[in-house]
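Take a look at the structure set out below.
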Amino acid sequence: VRIRNTGDSDLPVNMFGFQLEDETGVKRNVALAGVPDMLDTATLRPGGVIEGNLAFAAKPRSSVLNLHYAGGMFNDSVVIDLTHQRKQGQG
């Protein structure tokens, strides 16, 4: 993932804010073992950028894969449709 803080205040970032949801509605947490260059926990200043890898256990050929991110208790969550990205040949 690559995260850029486009806001006006500091943005807390960590891998524990991510979950992967499949067509059954189950949200899975990030796998913690064996992931090179894993996303670090950090605070991004406005304009700051961070990149890192995430890994999840998912069913093969899932018809739905949504990546959820909630950066903190008071932050809005973001949902990215990975199934659509995969069909477009982008991921």
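The values are calculated or read from the model by the stated rules, or taken from the named source; none is laboratory data. Fair warning: this is a prediction, and the values are worked out from it, not measured in the lab. Don't worry about glycine lacking a Cβ; one is built from the backbone with ideal geometry, like all the others, and counts go over all protein chains shown. For accessibility, only protein heavy atoms count, side chains too; no ligands or nucleic acids. Shrake-Rupley method; radii C 1.70, N 1.55, O 1.52, S 1.80 Å.
Observations
- Taken over segment 50-74, the criterion of being open to solvent by 60 Å² or more (accessible area, probe 1.4 Å) and under 14 Å from the mean Cα position of the chain (by Cα) is satisfied by Glu51, Asn53, Ala57.
- Residue within segment 16-36 that is of a type in the set (Asp, Glu), closer than 18 Å to Asn53 by Cα and exposed (fewer than 15 other Cβ atoms within 10 Å of the Cβ) present: no
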